[in-house]
Amino acid sequence: MGASERVAALRRARERQARIETATGRTLRARASLDRAIEAKAVAIERYDERLAEAEARWAAETAELARVCRSAEAAAEILGWSVGELRRVVKSERERRAAAGERLGGSDAGT
């Protein structure tokens, strides 16, 4: 191998190393971007789950209020086009949710 061939081989090796370093940098940046996107998705899902829970609670509370105002599960169910059993399940779950919320509030004050 002559001197010019060694110089050419060394030049190719340096160019290859530079391409490897460039590709490694791009790969690491892409992974960091992926990690940020995964975290953002998790935060968004949590936020939407909270909004969904709040909407469900509001719906159940309004359904229970309708039954209370009607003074009849049968009348409220008829207005909504539901069976009486469906309406009673919603009202019961709302009652349980309120009781659990009251326990949480009461439990946090117990130590003060």
Relative contact order of the chain (C-alpha contacts under 8 Å, at least 6 apart) in percent is 17 percent
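Using a 1.4 angstrom probe on the protein heavy atoms only, line up E15, E46 by accessible area, largest first. Can you show the working numbers first?
Working: E15 80, E46 110 Å².
Result of the area sort, largest leading: E46, E15.
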In terms of the charge dipole of the range 3-106, which places +1 on Lys and Arg and -1 on Asp and Glu at the beta carbon, the residue among A40, T22, G102 farthest towards the positive end is T22
Here FRET efficiency (C-beta to C-beta, V84 to A61, R₀ 25 Å, nearest 0.05) is 0.85
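About its Cα centre, how strong a charge dipole does the range 3-106 have in debye, to the nearest 20, once Lys and Arg get +1 and Asp and Glu get -1 at the Cβ? All intermediate terms of the calculation are to be shown ahead of the outcome.
Numbers: 23 positive and 18 negative charges, 212 e Å.
That gives the range 3-106 a dipole magnitude of about 1020 debye.
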Of the candidate values [x] 77, 32, 23; [y] 62, 29, 29; [z] 102, 46, 16, the one computed for Cα extents along the principal axes in Å from this structure is [z]
The size of the Cβ-based charge dipole (Lys, Arg +1; Asp, Glu -1) of the range 1-42 about the Cα centre, to the nearest 20 debye, is 80 debye
Taking 0.36 nm per residue of separation between Y48 and R14 and subtracting their Cα-Cα distance, the length gained on full extension comes to 7.2 nm
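The values are calculated or read from the model by the stated rules, or taken from the named source; none is laboratory data. Owing to the predicted nature of the structure, the values given are computational and were not obtained by experimental measurement. Positions of Cβ are generated from backbone atoms using ideal geometry, with glycine treated the same way; all protein chains shown enter the neighbour counts. Each accessible area value is taken on the protein alone, full model and side chains, heavy atoms only, with ligands, DNA and RNA left out. Shrake-Rupley method; radii C 1.70, N 1.55, O 1.52, S 1.80 Å.
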